[in-house]
């Protein structure tokens, strides 16, 4: 082990499970996944820590398991953030190019960025991400306006913010293990980075990560995250609907969902029935298959409708050429991509992880964890942490003038 | 303009990540203790290193001699000698090493001492090891002599040297006289000196092969050999041996020495079995299977004496070869004849009086 080797942990504290991946980040910027730990989540509801002690125990159990499999200690953690408390807004700022020759300087870009980010939040809210959209110089999109000639420089930021106490709870769960949190990353951004390609993000794509308690979504356009959001509805609601509709326990409903649930109604025969357990034991019952599909598809449909509504005017089908990508644990539901495609009116598919990922981890449920490691590898990724220009004394002096 | 920009909203990074130990889990506390301990140990090591560096620097500045001999051990009290089949003894090693009185074990230059041992020539390899607190272990491997020679340096008196198989010439030490006296002398050797040291004799390996073959298979013959001449070794590939019972015996280096010694033994036996034995003058074993043998001319007999009729054809031919060498068929080339050779006991009074050829260098 060289002194430049760092062991980073990707932690996702979900509603149903806590997932920890450990990556060995070498000096040459290569990352190897060397450890994996998973534990059933406790004390977390809809992505929010409700019972600190239970959540802490579950998370630390997963961390210990991962450290044990990796045979090393984690140096820092990249933590996924989700929950219904997360919201986002778009703020734009405009400046006139200050130089007489209309050459855009570093001061101009710095000023317009600070203006776009300078929007106060209500009390108790904290910024999780400032996601910058491309600059516009006299109306044209430019990745970097510096040294270009123009009159008017615009930039917009999609700011994701959440409730301070809930974010702090998440961080304290990790700090209780005495490991620092290096980065807090939105779950939808983490999974979206893994299941879409750069071309998809350039052409426009919606990533919907349906977990157990929450559904995280992100709309990408022009290569960057255009809008994000979280709705506190997930796969557990499908289970709950089945339990209520068919009068089952949660465990029975979950089994039925996994075996016969669908994103769309495929079964046309109302008389077709399926067994609850299939073992003909006492308590084993039959249920109409069409009813199961109707219940699961209705909730799935509703989730997509809510996402579409949340995106609002940001979503334009013509500017979402890469379609909609469904990921997360619930993405394993058959026909879910077809349901998404019908709701959004674009092509739909279930997110697939890159081929270089180990086959054991090539499951939509691990997309977020893998995305966190990807962010760890590219910790200066534009969307998570925009490159900050180093301002020297003279820059500050002229800026103040 | 910047003064009008309101400060950015609070980020999650503003949340303090410090956490009180009581709020940590037991695992977290253990990790914290481990991390703190590691930091303290690193700090202590750093401090000790700095202090050590400072002390060394101070000592270097004030008294550099202290740094040069930091370890003082006890003076050497024992010199222990180790090795297999050693002739050299412990007093010789002590004399050769010539350690100063109360020499400190740590101050000994083991390489220089090893060179002293190797300078004798009798020592093929030496290894010196310190065994604390006060013992010097000396492990040596010796050369075995195969011949000897007399040499005189300038106007000095002649000295006797021993020659090992690898041609190294050395003054033998601690050898018993009866061991040295059995060795034949070398002749026809041009000794060379280089920076005061005698150079090894070339071709000694071949000579050693002949001598060891003779000593192992025909010790009686070997004990009569007094001088081994290497004069024609390089030019003709021949080794001439002065033997008390066969005159000058010439061996060829192209043929197996074992067979040649067998022939020699056969010829000597034949000549001794002759009813009228005539002393052998020269035997040339280097020409192949036909061996020319020369006999010494006997004293002129009185005119009225009557020579007995030869009873054996060999004896007749012996008389016939007074002026010309007789060719003896190599019937003795079979090894059984050689094996028979040791059965002939060595006579106590048969040890020849060696003539020792002197080499002037």
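Any read-out appearing in this document is the output of simple, stated calculations on the displayed coordinates, not a laboratory observation. Worth saying up front: this structure is predicted, and the values here are computed from it rather than measured. In this analysis, Cβ positions are derived from the backbone assuming ideal geometry, glycine residues included, and neighbour counts consider all displayed protein chains.
Going by neighbour counts of Cβ atoms within 10 Å, the residues A:236, B:195, A:96 line up, fewest first, as B:195, A:96, A:236. Computed over segment A:235-376, the P(r) curve from all C-alpha pair distances, binned at 5 Å from the origin, holds 2, 9, 16, 18, 17, 15, 11, 7, 3, 1, 0 percent per bin. Rounded to the nearest whole angstrom, the semi-axes of the ellipsoid equivalent to segment B:118-184, taken from the Cα gyration tensor as √(5λ), stand at 29, 14, 11, largest first. Our note on the geometry: Cα centres of segment B:223-262 and segment B:83-152, 36 Å apart. Residues of segment A:320-361 with the amide nitrogen closer than 12 Å to a label point 7 Å from the Cα of residue A:305, along Cα-to-Cβ, please. Counting only backbone N, you get A:343.
Modelled label positions at residue A:146 and residue B:195, each set 7 Å beyond Cα in the direction of Cβ, lie 6.9 nm from each other. For the pair residue A:54 and residue A:286 in one chain, pulling the backbone fully straight at 0.36 nm per residue adds 79.8 nm over the alpha carbon distance. Taking every residue in A:176-183 and counting other chain Cβ atoms within 10 Å of its Cβ, the average works out to 5. Of the residues A:108, B:14, the one with the fewest other Cβ atoms within 10 Å heads the list, and the complete ranking is B:14, A:108.
Please compute the Kirkwood hydrodynamic radius over the protein assembly as shown, one decimal place, Å, based on all pairs of different Cα atoms.
Across the protein assembly as shown, the inverse of the average 1/r is 36.8 Å.
Residue A:273 label point, 7 Å along Cα→Cβ, cut-off 17 Å on backbone N: hits in segment A:240-256? Only A:246-248 fall inside the zone, counting backbone N under 17 Å. Applying 1/(1 + (r/R0)^6) with r as the Cβ-Cβ distance of residue A:100 and residue A:224 and R0 = 30 angstrom yields a FRET efficiency of 0.40. Mean projected area of the Cα convex hull of segment A:264-305, taken over all directions, amounts to 3.4 nm². Each of the peptides A:222-228, A:40-46 was scored by the mean count of other Cβ atoms within 10 Å over its residues; in descending order, highest first, they stand as A:222-228, A:40-46.
At a Förster radius of 22 Å, what calculated FRET efficiency corresponds to the Cβ-Cβ distance of residue A:199 and residue A:90, to the nearest 0.05? Efficiency computed from Cβ-Cβ geometry: 0.35. The C-alpha atoms of chain A occupy a region whose extents along the principal axes are 85, 50, 42 Å, arranged from largest to smallest. Over all distinct Cα-Cα pairs of segment B:120-240, the Kirkwood formula returns a hydrodynamic radius of 15.9 Å. Its relative contact order, with pairs defined as Cα atoms under 8 Å and 6+ residues apart, puts segment A:32-138 at 20 percent.
The slack between residue B:166 and residue B:254, meaning 0.36 nm per residue of separation minus the straight C-alpha distance, is 29.7 nm. Among B:202, A:359, A:183, the ranking by other beta carbons within 10 Å of each residue's beta carbon, starting with the fewest, stands as A:359, B:202, A:183.
To the nearest 500 deg cm²/dmol, what mean residue ellipticity at 222 nm is calculated for chain A from DSSP H runs of n ≥ 4 alone, each contributing -39,500 (n - 2.57), summed and divided by the residues? Show your work: numbers first, answer last.
Values: 11 runs with 132 residues, N = 401.
Counting only the DSSP helices, I get -10000 deg cm²/dmol.
Taking the C-alpha atoms only, the angle from helix A:289-311 to the longest principal axis of chain A is near 10 degrees. Angle of helix A:367-377 to the longest C-alpha principal axis of chain A, folded into 0 to 90 degrees and rounded to 10: 30°.
If I fit a long axis through the Cα atoms of helix A:106-117 and take the longest principal axis of the Cα atoms of chain A, what angle between them do I get, 0 to 90°, rounded to 10? Compared with the principal axis, the helix lies near 40 degrees. Between residue B:44 and residue A:362, the distance separating the two model label sites (each 7 Å from Cα on the Cα→Cβ line) works out to 5.2 nm. Between residue B:234 and residue A:259, the simple label model (points 7 Å from Cα in the Cβ direction) yields a spacing of 10.3 nm.
What's the whole-number percent of alpha carbon pairs in segment A:112-237 lying beyond 17 angstrom?
That tail contains 67 percent of the Cα-Cα pairs.
Available extension along the chain between residue B:159 and residue B:282 is 41.3 nm, counting 0.36 nm per residue and deducting the alpha carbon span.
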